[in-house]
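Enquirer: Here's a structure for you.
The values are calculated or read from the model by the stated rules, or taken from the named source; none is laboratory data. If you're wondering where the values come from, they're calculated on a predicted model, not measured in any experiment. Every residue, glycine among them, receives a Cβ derived from its backbone with ideal geometry; neighbour counts consider all protein chains shown.
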Number of protein chains: 2
Amino acid sequence: MLTTDTYHHGNLRRALLEEASAVLEEAGADAISMRDLARRLGVSHAAPGHHFEGRQGLLSALAAAGFENLAASLEAAMDGPPGEWQTNTGRAYVRFALAHPQRYRLMFTTGITSGDCEEHLAHQSSRAYLALLKAVYGGLPDIDPADYRLAAGELRAWSVVHGAVMLWIDGQLETAATEAQFLALVDEMLSEIG
Amino acid sequence: MLTTDTYHHGNLRRALLEEASAVLEEAGADAISMRDLARRLGVSHAAPGHHFEGRQGLLSALAAAGFENLAASLEAAMDGPPGEWQTNTGRAYVRFALAHPQRYRLMFTTGITSGDCEEHLAHQSSRAYLALLKAVYGGLPDIDPADYRLAAGELRAWSVVHGAVMLWIDGQLETAATEAQFLALVDEMLSEIG
DNA sequence: CGCCTATCTTGTCGGTGACAAGTTGTTGGT
DNA sequence: ACCAACAACTTGTCACCGACAAGATAGGCG
């Protein structure tokens, strides 16, 4: 059992995150219960509480992991010529959100004020945002992050992908388009903007 | 007491909606509890259950009322010349969302599958959507609602306002802009699109 | 008067998050 | 080798929640 680290009753923290991810994907964040996770993993009802700052801490960790994946996806989308960065990154963004709708909703719904993996969450979140900025402007502007001010360019780009994705995830477009049609429309929007 | 209708212990349904609206505005939908509402109104803990199909039913009613207000706001924004419909309606949309952020989030987060005031919710929701269509195209296309298909025009318009608003409401832009700056940016986006 | 129905109350169930206190296993110092 | 300190986990409990069942109460109508 060298592979499973310290072992007292297994590597609980990792197991909790994996189990919670499964519940998240199939039933949404509201369905995640500390006691239920404990039950699924065969530990006592209070065990999960020792690995996160309460339920909110667990959700923060899930959100942070999501931002990490999103950032990696966006960064990977920029290995082509800069002229295609915006379109490719937008496509990657939407593809990520549609592949993990519940995770995406959690990432943008949960308050960042969580505290558990606060710095990790903030870091991965801003990493994703920097990728977005780079894609929109074909490179990173050389300014002090401290006095960064939101501009119309990135707001429009982010709003259109975030808005489309949220409308789809929340079922507002369900009766008006299939997923394939929705993706085609998003591609159309992205090439118009770019 | 003629004004308060039937009276057994007051017009509970209306009182519940008003109290729940207050809690919603100041603490969000998650803070709405049937038992807490009952406590606030001085009735027994089970009383609210007789007026809505459970907690979800109450939330649906709140969402439906929100869509009613939104639809009215959007319709009112189109009393000017058709050329200004899109910009004015967009502005009205964003203004509504920023004035009632928790309500707005509830409207687009809660599943429409609620059952309680399902037909009312669906009706007010599509009323708001029709206003949006009218604003985008300067009038309503003459098609059968049954075979309506989502098109790029309305998707882009809706996405950009919904996305911007959700990003703001969920605090993603907090550190990058003040509310006034955000509103100015939204106006800029709206006039570019229109 | 007596029934009927809508409204509200009381009681209870299983479930949940948070916390306190105790137990067990692991690790590291001597 | 031993023991202390620490981390991981268990047990127990609290207040809260939503949902339901069954009973009480009031108003309307015959």
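Enquirer: Assuming A:ASN11 fulfils every condition listed in (1) at pLDDT 95 or above; (2) within 12 Å of DNA strand D (Cβ to nearest atom) apart from one, which condition is it?
Expert: With (1) at pLDDT 95 or above; (2) within 12 Å of DNA strand D (Cβ to nearest atom) applied to A:ASN11, the lone miss is (1).
Enquirer: Only residues that are farther than 30 Å from A:TYR129 by Cβ and assigned to a helix (DSSP H, G or I): list them for region A:34-84, please. First the steps, then the outcome.
Expert: Filtering region A:34-84 down to residues farther than 30 Å from A:TYR129 by Cβ leaves A:34-50.
Listed by number, the residues that qualify are A:MET34, A:ARG35, A:ASP36, A:LEU37, A:ALA38, A:ARG39, A:ARG40, A:LEU41, A:ALA47, A:PRO48, A:GLY49, A:HIS50.
Enquirer: Same structure again: State whether the residues of region B:122-132 include one that is more than 7 Å from chain A (Cβ to nearest Cβ) and part of a loop (DSSP other than H, G, I, E, B). Steps first, answer last, please.
Expert: Within region B:122-132, the subset more than 7 Å from chain A (Cβ to nearest Cβ) is B:122-132.
Next, only the ones that are part of a loop (DSSP other than H, G, I, E, B) stay: none.
Among the residues of region B:122-132, not one is more than 7 Å from chain A (Cβ to nearest Cβ) and part of a loop (DSSP other than H, G, I, E, B), which makes the answer no.
Enquirer: Related question: Name the residues in region B:133-142 that are outside any loop (DSSP other than H, G, I, E, B) and aliphatic (A, V, I, L, M), would you? If you could, list the steps in order and put the result at the bottom.
Expert: Kept after step one, since they are outside any loop (DSSP other than H, G, I, E, B), are these residues of region B:133-142: B:133-137.
Hits for region B:133-142 are B:LEU133, B:ALA135, B:VAL136.
Enquirer: Separate question: If I filter region A:175-188 down to residues being more than 21 Å from A:ALA157 (Cα to Cα) and at the interface with chain B (Cβ under 9 Å from one of its Cβ atoms), which single residue comes out as modelled with the highest pLDDT?
Expert: The qualifying residue modelled with the highest pLDDT is A:ALA177.
Enquirer: Another question, if that's okay. Quick one: which of A:ALA76, A:ALA61, A:ALA71 is touching a residue at least 40 places away in the same chain (Cβ under 8 Å), out of contact with any Ser or Thr (no Cβ under 6 Å at 6 or more places or on another chain) and more than 16 Å from DNA strand C (Cβ to nearest atom)? If you could, list the steps in order and put the result at the bottom.
Expert: Working: A:ALA76 fails: touching a residue at least 40 places away in the same chain (Cβ under 8 Å); A:ALA61 fails: more than 16 Å from DNA strand C (Cβ to nearest atom).
A:ALA71 is the lone residue from the list that is touching a residue at least 40 places away in the same chain (Cβ under 8 Å), out of contact with any Ser or Thr (no Cβ under 6 Å at 6 or more places or on another chain) and more than 16 Å from DNA strand C (Cβ to nearest atom).
Enquirer: Shifting gears a bit: Could you check region B:46-72 and list, in sequence order, the residues that are more than 12 Å from B:GLU118 (Cα to Cα), within 14 Å of chain A (Cβ to nearest Cβ) and within 11 Å of DNA strand D (Cβ to nearest atom)?
Expert: Selection gives B:ARG55 alone.
Enquirer: Do we find a residue being closer than 21 Å to B:ALA164 by Cα, touching a helix residue (DSSP H, G or I) at 6+ places or on another chain (Cβ under 8 Å) and hydrophobic (A, V, I, L, M, F, W, C) anywhere in region A:49-67?
Expert: yes
Enquirer: Tally time: how many residues in region B:12-45 are away from chain A (no Cβ under 14 Å) and within 15 Å of DNA strand C (Cβ to nearest atom)?
Expert: Count: 22.
Enquirer: Right, something else. When the residues of region B:143-172 are filtered to those that are in a loop (DSSP other than H, G, I, E, B) and under 22 Å from B:THR87 (Cα atoms), which remaining residue is farthest from the other protein chains (Cβ to nearest Cβ)?
Expert: Taking region B:143-172 first, the residues in a loop (DSSP other than H, G, I, E, B) are B:143-144, B:148-151, B:170-172.
Still in the list and also under 22 Å from B:THR87 (Cα atoms): B:150-151.
Numbers: B:LEU150: 4, B:ALA151: 7 Å.
Checked region B:143-172; the qualifying residue farthest from the other protein chains (Cβ to nearest Cβ) is B:ALA151.
Enquirer: Confirm whether A:MET34 is within 14 Å of DNA strand D (Cβ to nearest atom), farther than 27 Å from A:VAL165 by Cβ, touching a Phe, Trp or Tyr at 6+ places or on another chain (Cβ under 9 Å) and at pLDDT 95 or above. Give the steps one after another, and end with the answer.
Expert: Values: within 14 Å of DNA strand D (Cβ to nearest atom): yes; farther than 27 Å from A:VAL165 by Cβ: yes; touching a Phe, Trp or Tyr at 6+ places or on another chain (Cβ under 9 Å): yes; at pLDDT 95 or above: yes.
For A:MET34, the condition - within 14 Å of DNA strand D (Cβ to nearest atom), farther than 27 Å from A:VAL165 by Cβ, touching a Phe, Trp or Tyr at 6+ places or on another chain (Cβ under 9 Å) and at pLDDT 95 or above - is met.
Enquirer: Within 16 Å of DNA strand C (Cβ to nearest atom) and of a type in the set (Phe, Trp, Tyr): does that describe B:PHE52?
Expert: Values: within 16 Å of DNA strand C (Cβ to nearest atom): yes; of a type in the set (Phe, Trp, Tyr): yes.
Yes, satisfied.
Enquirer: Among the residues of region A:133-142 satisfying the criterion of being surrounded by 17 or more Cβ atoms within 10 Å (Cβ to Cβ) and away from every other protein chain (no Cβ under 13 Å), which is nearest to A:THR89 (Cα to Cα)? If you could, list the steps in order and put the result at the bottom.
Expert: Pass one, region A:133-142, residues surrounded by 17 or more Cβ atoms within 10 Å (Cβ to Cβ): A:133-136.
Among the residues that remain, those that are also away from every other protein chain (no Cβ under 13 Å) are: A:134-136.
Numbers: A:LYS134: 10, A:ALA135: 6, A:VAL136: 9 Å.
Restricting to residues being surrounded by 17 or more Cβ atoms within 10 Å (Cβ to Cβ) and away from every other protein chain (no Cβ under 13 Å), the top hit is A:ALA135.
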